[in-house]
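What follows draws every value from the coordinates through simple rules; no lab data is involved. Please read all numbers here as calculations on a predicted model, not as lab measurements. So basically every Cβ, Gly included, is an ideal-geometry build from the backbone, and we count neighbours across all protein chains shown.
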Amino acid sequence: MIKKLKIHYYNPCGETWTPDMMKEELRQREECNFCLYVITPKIEGFYSIAEIADDSNKRPEKTVFCFIKEDEEKKFSDVQIKSLEQVAKMIKKNGATVFKTLDEVTDFLNHQ
């Protein structure tokens with residue numbers, strides 16, 4: 001669970017995904033100070049991984065990435081963790097910020 005953020009943020013996650021929500025997410029990604037991506041074992045689609053790679057190339061100074069190995073009853077497998085660690089290395093090499101815990105993410109964002 002993420003600690004309380006002291007910043008204003010937009011969370012694109014929702015029950016249903018509409019074309020208007022997609023437009024708003026794209027607008028937010030362009031205009032925001034940071035684009036935070038947190039990947040959890042509850043992920044159902046993989047487009048977020050492509051977005052992270054894209055943003056780490058186009059907007060590395062404002063791209064922040066973290067993945068968590070467990071989320072409630074769900075866990076990534078060892079193979080998935082190794083893959084996500086490689087994604088994190090690539091993103092960091094592109095110049096983006098990578099954290100290993102949600103507490104680190106929160107501390108970073110709250111001090112910006």
Open item on the list: Just to check I understand the Karplus step: with θ = phi - 60° and J = 6.51 cos²θ - 1.76 cosθ + 1.60, what whole-Hz values come out for the range 49-54, glycine and proline as x?
Closed with: 5, 5, 4, 4, 4, 4
- [ ] Report, by chain and number, residues whose modeled amide H sits under 5 Å from the one on Tyr37, excluding near sequence neighbours (fewer than 5 apart, same chain).
- [x] Val64, Phe65, Cys66
Task: Around Ala96: net Lys/Arg minus Asp/Glu count, Cβ-Cβ under 10 Å - done: +2
Open item on the list: With a cut-off of 8 Å between alpha carbons and a minimum separation of six or more residues, what is the relative contact order of the chain in percent?
Closed with: 33 percent
Task: Cα centroid of the range 61-88 to Cα centroid of the range 27-53, whole Å - done: 13 Å
Open item on the list: Report the gain in length on full extension from Asn57 to Asp107: 0.36 nm times residue separation, minus Cα-Cα distance, nm rounded to one decimal.
Closed with: 15.6 nm
Open item on the list: I'd like the FRET efficiency for Arg27 and Ala50, computed as 1/(1 + (r/R0)^6) with the beta carbon distance as r and R0 of 25 Å, rounded to 0.05.
Closed with: 0.85
Open item on the list: Starting from the 7 Å offset along Cα-to-Cβ, what nm value, one decimal, do you get for the label separation of Gln80 and Lys92?
Closed with: 2.2 nm
Open item on the list: With +1 on the Cβ of every Lys and Arg and -1 on the Cβ of every Asp and Glu, and nothing else charged, how large is the dipole of the chain about its Cα centre, in debye rounded to the nearest 20?
Closed with: 400 debye
Open item on the list: Can you order the peptides 18-24, 51-57 by their average number of other Cβ atoms within 10 Å per residue, highest first?
Closed with: 51-57, 18-24
Task: Under Karplus coefficients 6.51, -1.76 and 1.60, residue-wise ³J(HN,Hα) of the range 34-48 in Hz, glycine/proline x - done: 9, 10, 9, 10, 10, 9, 10, x, 7, 4, 10, x, 10, 4, 4
Open item on the list: Pick from Pro12, Pro60, Pro41 the residue whose mean-square fluctuation is largest in a GNM of the chain, springs joining Cα atoms under 10 Å.
Closed with: Pro12
